[in-house]
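Heads up, the thing below is written out as structure tokens.
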Amino acid sequence: MVTKSKKKTPPRKAAPVAAVTNKEKKVEFNGVGLKTNNGHVNGGLRPSPSTNTLNRLAREKIVLWRQPFTTTYYAVMEGLNLGLEFLTGLLNRKAFLVSLSIISALAYYAYITPGQHSPYVELLEKKFMWWGWWVFLGVLSSVGLGSGLHTFLIYLGPHIAAVTLAAYECNSLDFPEPPYPDSIVCPQKSDASASIAITLWQIVAKVRVESLLWGAGTAIGELPPYFMARAARLSGEEPDDEEYKEFLQLMNADKKGAADEMSLADRGKAWVERFISRVGFPGILLFASIPNPLFDLAGITCGHFLVPFWSFFGATLIGKAIVKMHVQMLFVIIAFSEHHVENLIHQMGKIPYIGDMIRQPIREMLQKQKKALHRAPGTHVEQSVSTLQAVLGGIVSLMILGFLLSLINSLAQRYHKRLCEKRKAV
């Protein structure tokens, strides 16, 4: 009797695409499939990007140097939409709109009607325009829809420096108005006070109002990130904002203990965020008072952790408009004091090879500025533009142009996001 022996089948080997460990019930996919004879690929997982990710990637390409016509059109449409939303919100507040209309009508009537009040109206107009200009520049320095305009370097710093140089040259701060503040001219009268030396605090008092208003503008510019982060925290939705995403990444990395993988600047920002969220008003005041780049995410941090509005804005206003601005004022005034400027020009001549080339244009520019200070009010003095002035003017123009380009790109990308949200709602 012949018995048939059963063939032992060898144990099946595990597929190479999955690895199962005994310690943890975890499946890891390597993303590589097996190719069969007919050319098909089996196994492996390939992640598919979400619609939000695809929209974000498409939005990043909407810039003037890649899609000029689309970007310009989207920017114009976003501007129109923002204007329409502003008007709609204004119409919804009828009491405020009626009060504003009455006040505006009375102010316009007083402005166009001649009378004894006309000089006071002109004075108020001049003051409000001048003060509003510095507040506007402060807001631009803090809010740029992606790129802030460094208005301290372009406008406020040069204004303080010009007043400082003129104070020492004229030995007076009683500049004729007009043309001050549009231009500075030494006073023509000579009295006993002309022999008194100008002090540091007198110059500070002369430029204090402009500096405080500019600082208040920078504090106002911190409000949009605060409200955006606060609304996102309360609603639970994540807005499409790069700074907010950076804040969330820093916070998550800090929670996971991945500080060693973070750069020194990111670790500093994470520490500032923790400090501000725990300490509150004193912490905000401290970091708002110090010129530092670590305060960039303060508005988002306070909004995310639901810090009360007046605690955030009050500390930011005091820190930026009072403490920080006095530090910056003193620095510029001391740096541009007469003996410091003369010493700096003298030291420039000691630079090898290029010392005289740098010193001579600066000395000529200062001499022309001093000569223009002693002209009679209303007298026009022809001023030839030096090479140094042309270079500085070109740098300022490039900074303003870069800000405008960033503003247009940001508006266009916001309109693209608006279109994507409308498609999702359908």
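The values are calculated or read from the model by the stated rules, or taken from the named source; none is laboratory data. What you see is a predicted model, and the numbers here were worked out from it, not measured in a lab. Using ideal geometry, Cβ is built from the backbone for each residue, glycine included, and neighbour counts are taken over all protein chains shown.
From the list VAL327, VAL426, the one residue that fits, being modelled with pLDDT of 80 or more and out of contact with any Gly (no Cβ under 7 Å at 6 or more places or on another chain), is VAL327. Restricted to the range 61-70, and to residues there that are without any contact (Cβ under 8 Å) to a residue 24 or more places away in the chain and surrounded by 10 or more Cβ atoms within 10 Å (Cβ to Cβ), the residue that is nearest to LEU401 (Cα to Cα) is PRO68. Contact map, the range 149-168: residues that are over 14 Å from PRO181 (Cα atoms) paired with residues that are at pLDDT 85 or above, Cβ distance under 6 Å, separation 6+ or inter-chain. Pairs shown: THR151/LEU137; GLY157/VAL332. Pairs meeting the criteria (first residue in the range 114-133 and closer than 19 Å to ASP182 by Cβ, second residue at pLDDT below 85, beta carbons under 7 Å, at least 6 apart or on different chains) are TRP130/PRO181. The listed residues are TYR226, TYR155, and the only one of them that is under 30 Å from SER410 (Cβ atoms), in contact with a Cys (Cβ under 8 Å, 6 or more places away or on another chain) and either modelled with pLDDT under 85 or assigned to a helix (DSSP H, G or I) (or both) turns out to be TYR226. Scanning the range 266-286 turns up one or more residues that are modelled with pLDDT of 75 or more, assigned by the TED database to the domain that holds MET325 and surrounded by fewer than 16 Cβ atoms within 10 Å (Cβ to Cβ).
Selection of first residues in the range 180-193 that are more than 19 Å from GLU210 (Cα to Cα) and of second residues that are at pLDDT below 80 and not in a loop (DSSP other than H, G, I, E, B), restricted to Cβ pairs under 8 Å at least 6 apart or on distinct chains, gives the following pairs, ordered by first then second residue: CYS186/LEU373. Condition check for SER141 on (1) under 30 Å from GLU222 (Cα atoms); (2) outside the structural domain of LEU223 (by the TED database); (3) surrounded by fewer than 15 Cβ atoms within 10 Å (Cβ to Cβ): one failure, at (3).
Filter the range 71-113 down to the residues that are in contact (Cβ under 8 Å) with a residue 12 or more places away in the chain and small (Gly, Ala, Ser) and list them by number. Scanning the range 71-113 gives ALA75, GLY79. Screening the candidates ALA15, ALA19 for the property of being more than 30 Å from ALA412 (Cα to Cα), outside any loop (DSSP other than H, G, I, E, B), modelled with pLDDT under 50 and over 49 Å from the mean Cα position of the chain (by Cα) yields one hit, ALA19.
Within the range 296-346, the set of residues being charged (D, E, K, R) and over 21 Å from the mean Cα position of the chain (by Cα) comprises GLU338, GLU342.
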